[in-house]
1. At a 1.4 Å probe radius, carbon and sulfur cover how many percent of the accessible area of the chain?
2. Which of the following values of percent of Cα pairs over 15 Å apart was calculated from the structure shown: (1) 75; (2) 49; (3) 70?
3. Show me the trypsin sites (Lys or Arg not before Pro) within region 9-62 that DSSP assigns to loop and that have at most 13 other Cβ atoms within 10 Å of their Cβ.
4. Over the chain, with the other protein chains present, what is the accessible area per residue in square angstrom, probe 1.4 angstrom?
5. For Gln21 and Gln49, what is the calculated FRET efficiency with R₀ set at 22 Å and r taken between the beta-carbons, to the nearest 0.05?
6. Would you rank Cys50, Cys33 by solvent-accessible area, highest first, keeping every protein chain in place and using a 1.4 Å probe?
7. So for Glu60, Glu25, what's the accessible-area order with a 1.4 Å probe, most first?
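The values are calculated or read from the model by the stated rules, or taken from the named source; none is laboratory data. All of these numbers come straight from a predicted model, not from anything done at the bench. Ideal geometry is used to build each Cβ from the backbone, glycine not excepted, and the neighbour counts take in all protein chains shown. Accessible surface areas use protein heavy atoms only, side chains included; no ligands, DNA or RNA. Shrake-Rupley method; radii C 1.70, N 1.55, O 1.52, S 1.80 Å.
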Amino acid sequence: MYNVYTGTLLTEGAALPTAAQLGLEPPRFCGQCGRRMVVQVDPIGWWGQCSRHGRVYSSELG
């Protein structure tokens, strides 16, 4: 598993960026493989697409 904000392994203990902690930044990396995602932000949310694992919508996360 990878950190969706930094792309590093979760075991490496990387700190979250301040904007991510405040909920202002969408994930930029895939949580399954750590690859950079294409991210589109709109007024009602965001979506991110990994070339290997498909698309994730902000509405799906919670």
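1. On the chain, the fraction of accessible area on carbon and sulfur atoms equals 53 percent.
2. Here the calculated entry is (2).
3. Arg35, Arg52
4. That works out to 71 Å² per residue.
5. 0.40
6. Descending order: Cys33, Cys50.
7. Largest accessible area first, the list is Glu60, Glu25.
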